[in-house]
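The values are calculated or read from the model by the stated rules, or taken from the named source; none is laboratory data. Here the structure is a predicted model, which means the values were calculated and not measured. All Cβ positions, glycine included, derive from the backbone under ideal geometry; neighbour counts span all protein chains shown.
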Amino acid sequence: MDDQKIVMHIDMDSFFASVEMRDRPDLAGKPVVVCSRTYSFKENEVPRGVVSAASYPARKFGIHSAMPVSKAQKLCPETIFLPMRKELYQEVSKNVMAIIGKHVSVVQRASIDEAYADPGEDVRTYEEAEKTALAIKNEIYGAERITCSVGIGPNRTIAKIASGFQKPDGLTVVRPENVRDFLDPLPVGKLPGVGSKTLAVMNEMGILTVGDLAGSSAPDIFDRLGKGGLVLRDAALGIDNRIVTETKDPKSVSRYYTFDKPTGEESLLMLGIDIAAEDVDTSLRSYGFYFKTVTINVIFSDYTMVSRSVSHPVFSKDVGLIRRYAKDLFRELMEKETDPKHRKIRRISVGVSALKKIMPGQMTFDNFWKNLL
């Protein structure tokens, strides 16, 4: 591990919900949830959809992102549910990334609300990095009136874990000499990349903490979890050689929805497609891209997988088009599916590719039709 390497991870605090609460001071201190779509809650009607972001008061009731809205409402009936305002979040995100870029050498955007940063050669000590992080936090709050949490460490993994250590509005510095003291006591699930299935395998092996994983046998880990397990073991040892690089434009964007249990119910399957398509649209807007090709990927209850794609004749950014194509592809796929084992579906993924960044003023299919109306 290179003691001279300093990496930052900047993570906005409950980003979507924070922006909404900023614009509506009456929501301060209340359980607020931003949904991936607009919902109407009627008496005796089960609300549909998934939580995209939950305020910290809402999280105290156990509400978290990716939770069905119906479950969130049961956990806290007083929750205030709001629709997403994607263009607003994108605007705020661009401003935040620009602020970060003013203070550091390299910014690698990880998502709409988080980024890695290389402070640059002028920042030689952790004390200087901490001052830079405070300047970033203060400028973001002054410009956008929302908070972020920053982690500073010798590599990306440690910086990311550190940014979540004292949320919200936190700043955690992990110096190289303190890495073991910081990592070892943490639950192993805190390591980025440890999902529910990996966690279950590790727990079966008696691995409960990051320290347990660091002290585990590499051959045993490889036997149970393959190469990915060895990467996680390296992370537990504080090893991560990835560098922070300028954000590159993606060649495709996809998002998935996993059902609580495999289902064949059409309304749930269509809802899963809607939610995945909305998430894709959010990411597209964050990058400023238009698309031509839509792809749907289906994983059945026996874990077999099939996919279908279709291309639109011109570039578009219409989320309705993504939904329509995805649903048409899904129905076409299921009509040809004869295996009785494939009557229930575990996960649906929606993706777009053949991406292009449209310059301001350039005519697109969407703009053409708007001009005719």
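Give me the pairs, please: first residue somewhere in segment 164-181 and under 14 Å from A133 (Cβ atoms), second residue anywhere and surrounded by 15 or more Cβ atoms within 10 Å (Cβ to Cβ) and charged (D, E, K, R), beta-carbon distance under 8 Å, and either six or more positions apart or on two chains.
D169/D13; D169/K137; L171/E130; L171/K137; V173/E130
Please go through segment 248-273 and pick out each residue that is β-branched (V, I, T), modelled with pLDDT under 90 and touching a Phe, Trp or Tyr at 6+ places or on another chain (Cβ under 9 Å).
Passing the criteria: only V253.
Quick one: what pairs do we get from segment 240-268, first residue closer than 30 Å to K5 by Cα, second modelled with pLDDT under 85 and assigned to a helix (DSSP H, G or I), C-beta under 8 Å, 6+ apart or different chains?
Note: pairs meeting the criteria are D249/Y287; P250/Y287.
For segment 316-338, enumerate the residues that are outside any helix (DSSP H, G or I) and of a type in the set (S, T, Y).
Of everything in segment 316-338, those that are outside any helix (DSSP H, G or I) and of a type in the set (S, T, Y) turn out to be S316, T338.
Quick one: which of E91, E127, E121 is closer than 26 Å to P185 by Cα, without any contact (Cβ under 8 Å) to a residue 40 or more places away in the chain and surrounded by fewer than 21 Cβ atoms within 10 Å (Cβ to Cβ)?
E127
Does segment 56-75 include one or more residues that are closer than 17 Å to T282 by Cα, exposed (fewer than 13 other Cβ atoms within 10 Å of the Cβ) and at pLDDT below 95?
yes
Residue-by-condition table, conditions (1) loosely packed, with under 15 Cβ neighbours inside 10 Å; (2) over 19 Å from the mean Cα position of the chain (by Cα); (3) assigned to a strand (DSSP E or B):
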position	(1), (2), (3)
L284	no, no, no
Y303	yes, yes, no
S309	no, yes, yes
V314	yes, yes, yes
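Residue under question is K137, and the condition is that it be in the same structural domain as Q90 (by TED's automatic domain parsing), within 30 Å of G101 (Cβ to Cβ) and either free of Cβ contacts under 8 Å to residues at least 40 places away in the same chain or of a type in the set (D, E) (or both); does it hold?
yes
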